[in-house]
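Down below is the structure, laid out as structure tokens.
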Amino acid sequence: MSHDIRHYRPLALLALVFAAGCGRAPVEPAPTAKFEMAATRHPVAIRRPAGPPSVPTGTLDEKGRPVTIACANCHATKPAVADAKLGSPLKLFHQGLIGQHGTLSCVSCHNPTDGYASLRLADGKSVPYAEVMTLCAQCHGPQFRDYQHGAHGGMTGYWDLSKGSRVRNNCVDCHDSHAPKYPTVTPAPGPNDRNPSGGGHE
């Protein structure tokens, strides 16, 4: 009895496809929506300075509010002194300013081209005062790394963001930008034991 092999080709191909499929690991079903949706995550906000700093004039306006002058009002009237360093006696501006921030000069951080109305990165790029953390991070990398992981910088709100939002401090909320060393503090005493006699817990 002769058989024409052409009649068996489709069956052979189907058998090969089936065998190849049987050798694979089973395909996991697609996760359902309840597993795909993460818990509600509330936002984390970082406080930002409102804008360029201003200098108090010692006077009040008609509503009793302090009158201030933007730094650029005075700094734009004269060229910046590139070698003026923090801690050196200043003759025209900020005579009472005492700075202790390494060997930085004023123009290391302040942009002299716009009367100090913005900040200046090490590469010369201008950034607004609201982005002061970008300026700080370029020199204080370990502190910024720790800040990103929550080990540096104060905050208010919730650790568990599924329960509520969080507000984090900016560098200049805790550090004086001209003298950033944090003052030495003494740790507070530990919590008092509710049972000082040493008895067991109930």
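The values are calculated or read from the model by the stated rules, or taken from the named source; none is laboratory data. Bear in mind that the values here come from a model prediction, so they are computed numbers and not experimental data. Here the Cβ positions follow ideal geometry from the backbone for every residue, glycine too, while neighbour counts run over all protein chains shown.
A compact table of results
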quantity: Total residues in the range 132-171, condition out of contact with any Pro (no Cβ under 9 Å at 6 or more places or on another chain), surrounded by 13 or more Cβ atoms within 10 Å (Cβ to Cβ) and part of a helix (DSSP H, G or I); calculated: 8
quantity: Cross-chain or 6+ apart pairs with Cβ under 7 Å, the range 97-116 first and of a type in the set (Lys, Arg), then surrounded by 17 or more Cβ atoms within 10 Å (Cβ to Cβ); calculated: none
quantity: Search result, residues across the range 124-139 that are without any contact (Cβ under 8 Å) to a residue 40 or more places away in the chain and over 13 Å from Val172 (Cα atoms); calculated: Gly124, Lys125, Ser126, Val127, Gln138, Cys139
quantity: Extreme residue, surrounded by the most Cβ atoms within 10 Å (Cβ to Cβ), among residues of the range 68-99 that are under 30 Å from Arg168 (Cβ atoms) and either at pLDDT below 85 or in contact with an Asp or Glu (Cβ under 8 Å, 6 or more places away or on another chain) (or both); calculated: Leu86
quantity: Single residue of the range 46-67 satisfying the filter (basic (Lys, Arg) and closer than 28 Å to Asn169 by Cα) that is farthest from the chain's Cα centre (by Cα); calculated: Arg65
quantity: Check on Pro26, at pLDDT 80 or above and either at negative phi or surrounded by 10 or more Cβ atoms within 10 Å (Cβ to Cβ) (or both); calculated: no
quantity: Verdict on Arg65 being closer than 22 Å to Lys181 by Cα and at pLDDT 80 or above; calculated: no
